[in-house]
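Notes for the one structure printed next.
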Amino acid sequence: MTTGKSGSSGIIYLRRLLFDMLFFTNLLAFKIAWLSSVIGGGTDMPWIGPAAVSVALLLHFRAAQKPLEEILLVLICAVIGTSFDSFLVVSGLVAYKAGMFSSYIAPYWIITLWMLFATTLNVSFRWLRGKVLLSALIGCLGGPASYLAGQALGGIVLVDKTGALIALAVGWAVIMPLLMRLAENLDGMPGPRRKWLREQSR
């Protein structure tokens with residue numbers, strides 16, 4: 001009995017260790033690719049970001065237990081994010097210095113940034129599952145903060161700063177809980193899966 005318990009404890013510890021490694025790798029890859037994207041967008045080298053994001057995506061899909069679910073999540077996140085950022089561009093609230101292939105669509109490096117963000121939903125942001133109000137609050141505060149950081153690094157221009165920050169706060173407060181819900185349905189990563197779905201089936 002003792003041997004069985006020790007074996008189970010060892011497996012649990014190993015799984016936790018592997019997930020911790022995945023967590024920090026995910027966080028580091030996101031930070032590097034995000035900085036590459038924003039700095040590249042501000043220095044007329046917008047291709048740097050998508051190149052870095054491609055590496056981060058490959059690492060993410062390689063670590064996934066069910067890559068197809070993660071790929072689908074990345075694509076859906078890209079559609080949602082592109083629609084939102086394109087609205088900001090068309091409305092004249094936000095402008096970009098490089099990477100625009102249409103005056104009605106967000107630059108391609110922003111689109112790949114949304115794909116990058118999708119890789120954090122089932123790893124770095126896994127702890128937000130089921131916390132709708134908290135995820136809305138984090139989106140409300142974190143969304144505008146990231147754009148302000150992007151402006152400070154030269155990749156983004158908040159044309160109408162007040163209007164843009166309000167739109168970003170409202171938009172991200174809606175988008176963040178939505179993406180967390182989608183991520184739980186499309187979870188291809190190691191770790192506890194679909195907690196809220198199990199609770200609903202009881």
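Values quoted throughout were computed directly from the atomic coordinates according to the rules given, and no laboratory measurement underlies them. Only a predicted model underlies this, so the values are computations on that prediction, with no experimental measurement involved. Cβ: placed from backbone, ideal geometry, glycine included. Neighbour counts: every protein chain shown.
Summarising the label geometry, the points placed 7 Å from Cα in the beta-carbon direction at ASP160 and LEU59 lie 3.9 nm from one another.
Taken along the Cα-to-beta-carbon direction at a fixed 7 Å, the label points for SER91 and MET45 span 3.3 nm.
Taking every alpha-carbon pair under 8 Å whose residues sit at least 6 apart, the range 136-190 reaches a relative contact order of 51 percent. Rounded to the nearest angstrom and listed largest first, the equivalent-ellipsoid semi-axes of the range 8-190 from its Cα gyration tensor are 29, 18, 14.
The Cα trace of the range 77-146 gives Rg and Dmax of 13.4, 38 Å, the first to one decimal, the second as a whole number.
With both labels modelled 7 Å from their Cα along Cα-to-Cβ, the PHE101 to ARG181 distance reads 3.2 nm. Could you give the distance between the Cα centres of the range 120-164 and the range 37-107, to the whole Å? The two parts, judged by their Cα centres, are 15 Å apart.
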